[in-house]
1. So which trypsin sites (Lys or Arg not before Pro) in the stretch 146-196 are both in a DSSP loop and have at most 15 other Cβ atoms within 10 Å of their Cβ?
2. For Ala140 and Arg83, calculate 0.36 nm times their separation in residues minus their Cα-Cα distance, and state this gained length in nm to one decimal.
3. What is the packing order of peptides 229-235, 122-128, taking the mean over residues of other C-beta atoms within 10 Å and listing the highest first?
4. Multiply the residue gap between Ala147 and Ala106 by 0.36 nm, knock off their C-alpha separation, and tell me the result in nm, one decimal place.
5. Using modelled amide H (1.01 Å from N, peptide plane; none on Pro or chain starts), what sits under 5 Å from the amide H of Val77, excluding residues fewer than 5 places away?
6. How far apart, in nm, are the 7 Å Cα→Cβ label points at Arg42 and Glu230?
7. Please report, in debye to the nearest 20, how large the charge dipole of the chain is about its Cα centre when each Lys and Arg carries +1 at its beta carbon and each Asp and Glu carries -1 there.
8. Taking 8 Å as the Cα distance limit and 6 or more residues as the minimum spacing, I'd like the relative contact order of the chain as a percentage.
Amino acid sequence: MPQATSRSDATRAVVFSPLEGAGRAELVEQRLTDAIVAGVLRDGERLPSESDLAKSLGVAVVTAREALVALRDKGLVLTRRGRDGGSFVTHDRDASMRMIDARVRALSRIELRDLSLHYAAIAGMAAEVAADRASDDDLASLVEVDARADLATPGGARRAVGRFQLEIAAVSQSPRLVHEELRLQAESGPLLWLCLREQAYRDRSRQARVEVIESIRGVDPARARRATTEHIASATEWLIDEKARLESPEQGRQPAPGAEDRKG
């Protein structure tokens with residue numbers, strides 16, 4: 001089975017895959033913003049040229065250009081001229097947190113729950129099928145992914161969740177589930193796993209992985225699905241509570257729960 005590095009490459013490939021629906025600049029901007037905030041596109045990384053970006057996303061060059069202008073205005077991209085020029089990711093952690101918080105405020109509770117429902121349907125089914133199809137080598141790969149998980153920081157915990165969920169989708173042997181998992185990670189992951197800002201939820205994410213691994217080892221599809229969907233449900237409830245906190249008139253007067261963890 002491919003190693004975690006190839007999974008990471010696959011996630012990046014989805015970031016630059018064709019957009020669904022109308023090719024508006026806002027969609028390109030959101031796709032790239034999510035990838036930068038989630039750490040899929042790293043600080044200092046050079047983005048494709050406007051023409052290459054437009055081609056990979058299936059949009060007009062002018063649309064890609066407008067999106068890059070918006071990203072520059074947000075401080076997420078810096079464009080340099082000259083022989084070694086181009087557009088480069090400039091990841092500012094505090095600015096990224098502010099943008100994610102603004103996106104949480106902009107989405108309704110119904111939209112957030114619907115996002116969770118969609119993700120749970122895909123990830124839960126992948127876990128269920130994986131428990132029925134996993135080989136001994138597949139199980140060993142899942143154990144290795146979990147063992148390598150870095151729970152010291154929110155970014156490390158998010159990457160661990162993403163790699164594990166992607167590995168589960170791969171074990172299901174369904175290319176469609178793999179692609180949808182990748183797409184949802186790129187577009188929904190930055191919101192859904194905001195709870196990993198807090199150490200308690202990073203520890204819970206580890207417990208969920210152990211539960212899924214044990215379910216697969218015991219060939220218990222229902223248990224694997226339940227552990228996966230309950231993990232997502234817990235993250236969603238945190239997200240709904242966070243939205244309420246952000247919308248509270250008092251939120252600017254006191255530090256948010258887990259504020260120290262969010263600096264990681």
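Readers should treat all values here as calculations from the given coordinates under stated rules, not as data from a laboratory. As the structure is a prediction and not an experimental result, all values here were calculated from the model. Here the Cβ is made from the backbone with ideal geometry for all residues, glycine too, and neighbour counts use every protein chain on show.
1. When the trypsin sites (Lys or Arg not before Pro) of the stretch 146-196 are filtered for loop state and at most 15 Cβ neighbours within 10 Å, Arg148 remain.
2. On the way: separation 57, 0.36 × 57 = 20.52 nm, distance 4.67 nm.
Gain in length upon complete extension: 15.8 nm.
3. Values: 229-235: 19.4, 122-128: 22.9.
Descending mean neighbour count gives 122-128, 229-235.
4. Residue separation times 0.36 nm, minus the Cα-Cα distance, leaves 11.1 nm.
5. Sorted by chain and number, the residues that satisfy this are Arg72, Thr90.
6. Computed distance between label sites Arg42 and Glu230 equals 3.6 nm.
7. 660 debye
8. Once normalised by length, the contact order is 22 percent.
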